[in-house]
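See below for the structure under consideration.
No value in this document is a laboratory result; all are computed from the given coordinates. Source: prediction; values computed, not measured. Here the Cβ positions follow ideal geometry from the backbone for every residue, glycine too, while neighbour counts run over all protein chains shown.
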Amino acid sequence: MLYTENMCIMSIYIHTLLVYIYIKLKNSKQPNEREEERKMTKFKANKNYTFTYYGDMNDCVIEIKIIKRTAKTVTFMYQGEEMRRNIKFDKYENCEYLQIATYTGAPLFRASKVA
């Protein structure tokens with residue numbers, strides 16, 4: 001008799017504990033996608049952004065000027081030429097970036113690197 005009473009009390013305790021954990025997890029604040037978007041660094045029109053090649057003697061700094069942007073593309077001036085590229089997202093630095101070309105060592109401009 002004592003064994004079954006202890007088992008019953010134990011099962012009620014476990015059930016109560018599980019309900020408590022479920023309520024805590026349900027009410028815990030999880031990051032909202034819209035809040036994350038607000039924190040993300042984005043390209044802005046009429047601003048200059050830089051990319052730096054690091055070398056032994058001198059550092060080569062390349063600069064672009066954003067002319068306009070849409071939700072998915074950016075139009076910019078690069079070495080006197082107007083170009084348009086798709087915007088990509090870097091989840092580790094939480095910022096947008098664009099790549100001028102696809103070759104190895106091509107400049108990669110991040111929205112966090114404002115000139």
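Quick notes on this structure:
- Thr16 versus Asn58: modelled label distance in nm, points set 7 Å from Cα along the beta carbon direction: 7.6 nm
- Entries of Lys39/Lys65; Lys26/Lys113; Lys26/Lys72; Lys24/Lys72; Lys26/Lys88; Lys72/Lys113 with Cα pairs more than 29 Å apart: Lys26/Lys113; Lys26/Lys72; Lys24/Lys72; Lys26/Lys88
- Lys68-Ala115 pseudo-label distance in nm [points 7 Å out on the Cα-to-Cβ vector]: 2.1 nm
- Cα→Cβ-extended label distance, 7 Å offset, between Tyr103 and Phe89, nm: 3.1 nm
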